[in-house]
Every structure is written in structure tokens, then in C-alpha cells.
Amino acid sequence: MNTKITEQEFGERIEACKEKMYRFAYCYVKNEQEALDIVSEATYKAFLAYKRMKNPEYFESWMGRIVINCALDHIRRNKKVTYLEDNQVEFAAKENAVSLEDKMDLYDALDQLDPEDRAIIILKIFEDQRFKDMAGVLSMPENTVKTKFYRIIEKLKKNLIRKEVDAL
Amino acid sequence: MTGKERYDNIEIPARLSEVIQQAQQRGRMEKRRRNVLRRSTLTAACAAAIMITVNVPNVAMALSDVPVIGSIVKVLQIGSGGQRTDGVSVTTTTEENTLSINFSLNGEQTSSAPAYTVDYKAAPDRLIFSFYGVRNLDYMKLQEDIKGLSNVKDVYNNVILDDSAFRFVVELKENIGYSVSEYQQPGYIQLKLFGAKKPEQAHDVYYVRSQAMEQGESIAVLDEQYAADDSSVIKTKQGKFIVAMGGFKTREEAEQHLQKLSTREDYFEPLHVDHWMSNASPE
């Protein structure tokens, strides 16, 4: 049975997930033109490779991985890496809030994360994906994804506490 | 507003679709370029073998009896040429056993031929023409013109996964020689057919082949998958199409090739070994 997708199907599937691709790319660079450049490069690379895709039913996951790789390449090329440890920007902490998402604007916090870690926050917090699906996008075991996610959250929490203490 | 709300509210630019379309077009052009390169490499590698099995015409034969318009770029048996372009229209004209394939863009003849490849395959003797960057083509007229040449047995097109490319197959009668000439100012390609001097004895040829299918995308996908293995699409005696690789002298060689293909990760369409006479079409 032939499970390969045709060029027309590729075009339809890309069209169906284009907004998700753009948001994903935008989170890495926070700039319209650069996000469009990443989407363009990801689409180009996917066009050249879609015939070799083993599981067309996971097209969105496959595309997500390509967008992440293109975003990381873009950042490496432009050397716009800023790490959490070096961050001088304080997160806005809210009183009486419980969850990290309530206490901290994770959309801004993304900029202070290692680029390799940003996808985990985007997929889990913004895209509401299950760890199992995230593992598919990130090409890593589910348990590794969980470990990384909780490690990043802990890192963000510690940073938030440090900022709150510093502010006293 | 939470981070997730800010994420959901990221404004989508109006030109996102346009950017995606352009990226796909860029991919299409790159694929075409790679196809031309790949086919040129393959054909160059087996050119020596083909030269032995086909009666090679000389340039004088290619040009004789034909009024020449424009300057000749090359005369070839197999290979590639032309310039990268897009949206070229294709028309054909014939004169005895000579076919001219003409190209125009916006109503004017182009100065050079678009990117093309010419392949020769045996069992049955076939010429496979591929043109890239062409969109408007009167296939019925082309088919009618080519069938009108007395040394041609059949003509059929191959579906390929590139809507700006076109491929057709000219099946030759037995012991027919040919030459392909590319011209510029204006750009056109001329196919000349003539009787070969040394008739070849028909013999059994072994192939790794797919099942027979109707013309369509499934067979095109399969052909593209095995393009690097020198695959080609052949019309069967019943008018269906198969993807075939080889032209092996023995069944063992074909079996070995099939074994190698079947261990690949992307092997999904069952293939099998078959044989037919070098001057016949498969079942």
C-alpha cells in the first residue's frame, strides 16, 4: 500500500498548520520577518524531504521538528543566544498566584531560556501537548521530555524566587 | 494576559501564505535541478555501454537533410542541456523522420531550450524526454506528431511529481538509430530517427519490476523513489504501466538487486523479478 503523500497533499497539510508553524517560529525570534524566514526555510526543507517521511500521519509533529531545527539554526547564525543565568530582565511576579504560569509571564521567560529548551515550554504550556506527543516532535524519549520539562520549570522557579528576594 | 494567551494572540502576517508558496516553489526548482544533475550523472556513467549497443550517428547524419535554423549547441544520444526557466510553452513540428520540439514564452520563441534530459532505455528501445520549467503543452498534438514518424512504435507520457515538468517516452521500432540535437537562437530540440546499420539479435532481459498500474501518481511516486536506481516507467502490452529497474543479463543479478532493495527502510511496494525479450514490452 502506498502511504507517501503527494505534492498536493503536502501543500494542503502545510497550509493547515501554517499558523502553528509561524507562532512557533515567532516565539524563538519575536520578530515578524525573522519568523517568516524560519517558516520559509522549514517549508523549503520539508518540500525536499516529504517523500522520505516514514509516517505521514504525524505530519504536524514532523513539521514541528523541522521548524525547531530551522529556528535553532537561525539563532546560531545570528548569535542571538541569551541564557537564563545571564538574564538581567526581571519577570513580573504576581502576589497570591499559585502556578508558575500565573506568577510569571512564560512568553517573556522564553527569551531567557537556552534555545534548545524553548520548544519544551512552547509545546507543553502554549500548545497543551501531551508528553507522549512532545516526544514525537522532539525525537527524544518521553521520560527525557518529562525530566527536561520539570528541570526547566525548577530553573524558572528558582530564578523567580531569587528575583523576589533581591527585590526585598 | 498569560503567556499562553499572548502566544495564542501572536498576530499572523497576511503574507504568510505567500511566503509558504514561494518556499514550495523554491523547493520545486531545487528538486528539478537535482533531478537534472542526477540524471546527467547516471547517463554519463552508462554512456559507454549504451554507445556499444546503439548505432551511434555522427553529427553529419544528425544534421543532414534538415534545414538548420539557429546555431547548434550539441548533438547527443543521451544527456542533458538547456537553460533553467519557467512557464515555457511547447509545440512540435515534423518532417519525414525528424521531430522538432519548439519552445516559446509569452508568445515569442525562447533563445534556448528549457532544462531537459534525454535517456535511452532498452527492452523495449525507448527514448525518454524530460522537460523542466514547461507548463503549456499540447500533448495530443505532440503524440500525434511523434506517432506520425515511421520509425516510432508508440508514444506515451509519464506522470511526474512536478507540475512544471513534462516527461514523455518515444518507443522505437526495432533497430532504429537516433540523434538528438539542441539548438539556440531560437532554442529548439530536434529528434532524428533512421535505420540502424547493424540489427541486434533479440534476447531475454531481466528486470526488477512493480505490479502493473494505471497511469497516475502512485506509479510516479514509485518511479521517483527508485530514480537513483535507474528506474523507468514502461507501458505494458495491456496498456498499463510498471516501474522497472535493470536490464540484467541473468535472473540471479536481478534477484540480488531485488534483495538489496527489499532491505531498505522505504521499501513498501512489493517488487518482483520478471523477464521479457529485448524487443518486446512487459506483460
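The values are calculated or read from the model by the stated rules, or taken from the named source; none is laboratory data. Note that the structure is a prediction, hence the values are computed from the model and not measured. Every residue, glycine as well, gets a Cβ built from its backbone with ideal geometry; the counts of neighbours run over all protein chains shown.
The rows are residues; the columns are (1) crowded, with 16+ Cβ neighbours inside 10 Å; (2) modelled with pLDDT of 75 or more.
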site: A:E90; (1), (2): no, no
site: A:N96; (1), (2): no, no
site: A:E116; (1), (2): no, yes
site: A:I122; (1), (2): yes, yes
site: A:Q129; (1), (2): yes, yes
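Scanning the stretch B:182-215 for residues that are farther than 15 Å from B:V118 by Cβ and among the aliphatic types (A, V, I, L, M) yields a total of 6. Can you tell me which residues in the stretch B:113-165 are buried (at least 19 other Cβ atoms within 10 Å of the Cβ), touching a Pro at 6+ places or on another chain (Cβ under 8 Å) and in a strand (DSSP E or B)? Passing the criteria: B:F131, B:Y132, B:V134.
Screening B:S64 against (1) polar (S, T, N, Q); (2) modelled with pLDDT under 70; (3) within 17 Å of the chain's Cα centre (by Cα) leaves a single unmet condition, (3). Contact map, the stretch B:256-283: residues that are under 12 Å from B:I242 (Cβ atoms) and more than 14 Å from every other protein chain (Cβ to nearest Cβ) paired with residues that are β-branched (V, I, T) and buried (at least 18 other Cβ atoms within 10 Å of the Cβ), Cβ distance under 9 Å, separation 6+ or inter-chain. Pairs shown: B:H272/B:V208; B:D274/B:V208; B:D274/B:I242; B:W276/B:V205; B:S281/B:I234; B:P282/B:I234; B:P282/B:I242. Here the stretch B:1-25 is the region considered, the condition is being small (G, A, S) and in a helix (DSSP H, G or I), and the residue that is farthest from the other protein chains (Cβ to nearest Cβ) is B:S17. I want to confirm something. Restricting to the stretch B:83-120 and keeping residues that are small (G, A, S) and at pLDDT 85 or above, which single residue is nearest to B:D230 (Cα to Cα)? By that ranking, first place goes to B:A115.
For the stretch B:254-283: of the residues being surrounded by fewer than 17 Cβ atoms within 10 Å (Cβ to Cβ) and among the acidic types (D, E), which is nearest to A:P56 (Cα to Cα)? Across the stretch B:254-283, the extreme among qualifying residues is B:D266.
Considered as a group, the residues in the stretch A:110-130 that are more than 10 Å from every other protein chain (Cβ to nearest Cβ) and not in a helix (DSSP H, G or I) include one that is farthest from B:K4 (Cα to Cα), and that residue is A:D114.
Out of curiosity, is A:Y28 outside the structural domain of A:D108 (by TED's automatic domain parsing) and in contact with a Gly (Cβ under 8 Å, 6 or more places away or on another chain)? It would help to see each step written out before you state the result.
Details: outside the structural domain of A:D108 (by TED's automatic domain parsing): yes; in contact with a Gly (Cβ under 8 Å, 6 or more places away or on another chain): no.
Considered against the rule, which asks whether it is outside the structural domain of A:D108 (by TED's automatic domain parsing) and in contact with a Gly (Cβ under 8 Å, 6 or more places away or on another chain), A:Y28 comes out as no.
For the stretch A:25-53, filtered to residues that are at the interface with another protein chain (Cβ under 8 Å from one of its Cβ atoms) and of a type in the set (S, T, Y), the residue that is nearest to A:P115 (Cα to Cα) is A:Y26. With respect to (1) over 25 Å from A:Y107 (Cα atoms); (2) at the interface with another protein chain (Cβ under 8 Å from one of its Cβ atoms); (3) hydroxyl-bearing (S, T, Y), the lone exception for A:Y22 is condition (1).
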